[in-house]
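Have a look at the structure below before the remarks.
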Amino acid sequence: MPKKRYRVKGHAHGAYDKHFITFLTFLHHTFRDISTLFLETWETSPVIVGTLLIAFLLTYLFYSSNARIKVRIHQKTATYKANSWSCDKSDDVEDKRGVRVGLNNLGNTCFMNAVLQCLCHTQPLVDYCIRGTYLSDINHRSPTHGDLVKVFAEFVKKISDSNSRGAISPYQLRTEVQRYAPRFSGDNQQDAQEFLRYLLQGIHDDINRVKCKPSFKGDYGGDAFKTWRRYRDTDDSLIVDLFAGQLKSTLKCMTCNNDSITYDPFWDLSLPVPELESSDGNNMCCNNILDTEILLLRQCFNLFSSPEILDGSNKTFCEACKKKSRSSKKIEVNKFPRVLVIHLKRFSASSYGQKLNMMIDCPQVLGNMSEFSAQNSIGDSYVLYGVVDHDGSNNSGHYIAKCRNPYTKEWHEFNDSRVSKATNIVTSKSYILFYIQESSSQF
């Protein structure tokens with residue numbers, strides 16, 4: 001098979017093209033660093049500010065004039081609209097059928113297979129891997145020196161290009177994940193959400209565009225914008241672009257009513273599942289009872305944002321009172337990510353080992369999210385494209401994935417190596433939900 005060659009319009013040789021794109025990427029990063037330094041030195045020296053301003057403008061003009069250079073691959077590759085969720089209507093749907101191949105179970109690896117299927121249906125991430133954009137972002141100072149993202153990208157290409165009815169073995173990717181996170185070694189069953197977090201963190205470390213993390217002065221804990229900017233100045237990758245949001249935590253002293261506000265990033269939302277009570281006041285944790293109950297996703301969001309009273313040994317120190325005091329803690333979503341991953345906490349906090357199997361009505365389209373946001377701003381709607389189901393208890397069980405094909409709009413069920421059409425998308429077994437903004441931009 002002939003090797004892929006890259007060509008930049010107006011240039012003849014693929015090797016020069018690659019270096020030229022890398023050079024443009026370097027200019028882009030320089031542009032970002034200069035802008036940050038410009039803001040930090042605004043009040044120090046007019047000469048420094050003037051010099052930085054000139055460099056800022058020159059870098060911007062050069063980068064913007066060249067950023068539209070199109071990289072073309074001689075082999076036929078997938079192209080997508082600006083809306084990464086939808087396929088260009090002019091594309092040949094038969095030629096681009098999406099992922100329809102299963103994954104071999106390597107010994108209790110259904111948790112990994114289910115997560116990988118959902119990530120292989122996260123279209124901006126798929127585009128990033130197939131187009132080779134990650135190559136210019138590799139951070140060789142990461143724990144795996146870029147090896148994890150390389151193996152992951154090759155896996156995405158393989159599963160996306162496969163026309164075989166046979167299953168694919170994710171052995172090499174599993175081996176690389178185990179090197180990065182030894183906790184996933186062996187053949188023990190693992191938690192799918194925990195695996196997702198470790199995998200995304202490892203990929204992020206490999207493609208973090210910030211090679212040397214800057215040192216900061218001052219505390220921006222109460223300023224949402226400055227806290228977010230500081231976070232992006234140290235963690236800047238496609239994973240953050242897609243999955244990172246921001247939480248607002250308000251700690252109110254119940255003695256003096258003083259508010260202490262902090263902002264923290266998140267990559268997924270763990271929403272509590274309400275535990276219903278029977279008429280005698282006991283928690284209804286029996287599966288045969290909970291299976292008949294239907295709750296709304298909104299109720300899980302409301303419970304997530306409900307104030308929690310911190311008393312006794314959980315008292316917190318109040319800066320105004322100068323002592324530990326009884327307080328209330330409220331957590332809200334301040335900034336929603338482009339890809340919203342919702343983890344339903346189905347394991348009871350009051351009855352250890354008991355799973356909450358009630359049906360939660362999770363719509364395939366989430367409309368205005370302002371009612372769940374601390375900013376109360378009108379946000380984009382989200383489309384459900386992936387679901388990880390868990391069947392069993394907290395000690396054992398089985399994971400499967402259900403994913404929406406971006407071309408045919410059909411849902412398929414991925415049960416390790418077996419692939420079939422999915423009928424019931426959201427059930428009482430739904431454990432992790434993947435939503436994407438309808439207006440999510442193509443990278």
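The values are calculated or read from the model by the stated rules, or taken from the named source; none is laboratory data. Since this is a predicted model, take the numbers as computed values, not measurements. Cβ: placed from backbone, ideal geometry, glycine included. Neighbour counts: every protein chain shown. Note: accessible area is taken over every heavy atom of the protein model, side chains too, but ligands, DNA and RNA are not part of it. Shrake-Rupley method; radii C 1.70, N 1.55, O 1.52, S 1.80 Å.
Can you sort 225, 434 by solvent-accessible area, 1.4 Å probe, largest first? Numbers along the way, then the final one.
Details: 225 140, 434 0 Å².
Of 225, 434, the descending order of accessible area is 225, 434.
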| request: Provide the per-residue ³J(HN,Hα) series for the stretch 309-320, in order, calculated from phi with Karplus coefficients 6.51, -1.76, 1.60 and θ = phi - 60°, each as a whole number of Hz, with x at glycine and proline positions. | output: 7, 9, 9, x, 5, 8, 4, 10, 7, 9, 5, 7
| task | Kindly report, to the nearest 10 Å², the accessible surface of residue 393 as traced by a 1.4 Å probe over protein heavy atoms only. | result | 40
| note | With all protein chains present, the stretch 387-443 has a carbon and sulfur share of its accessible area (1.4 Å probe) in percent of 41
| task | In nm, give the distance between the simple-model label positions of residue 256 and residue 108, each being 7 Å from the Cα along the Cα-to-Cβ direction. | result | 5.2
| Residues with beta-carbon under 15 Å from that of residue 398, excluding residue 398: net charge, scoring Lys, Arg +1 and Asp, Glu -1? | -1
| Once amide H atoms are built 1.01 Å from N in the peptide plane, which residues 5 or more positions from residue 237, or in another chain, come under 5 Å H to H? | 209
| Using unit Cβ charges (K, R positive; D, E negative) and no other charged atoms, how large, in debye to the nearest 20, is the dipole of the stretch 92-238 about its Cα centre? | 260
| message | Could you compute how much accessible surface residue 268 exposes when probed at 1.4 Å, giving the result in Å² to the nearest 10? | response | 20
| Selection of trypsin sites (Lys or Arg not before Pro), the stretch 186-261, meeting DSSP coil and at most 12 other Cβ within 10 Å | 211, 217
| query | For the cross-link pairs 329/402; 213/345; 150/226; 150/429; 226/252, which exceed 27 Å when the distance is taken from alpha carbon to alpha carbon? | reply | 329/402; 213/345; 150/226; 150/429
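Sorted by accessible area (1.4 Å probe), largest first, how do 212, 300 line up?
Order by accessible area, largest first: 212, 300.
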| request: Could you state how much accessible area residue 157 has, in square angstrom rounded to the nearest 10, with a 1.4 Å probe and all protein chains kept in place? | output: 40
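Per residue, what accessible area does the stretch 297-443 have, given a 1.4 Å probe and all protein chains present, in Å²?
Value for the stretch 297-443: 46 Å² per residue.
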| Other-chain or far-sequence residues with amide H under 5 Å of residue 266's (modelled H) | 245, 246, 247
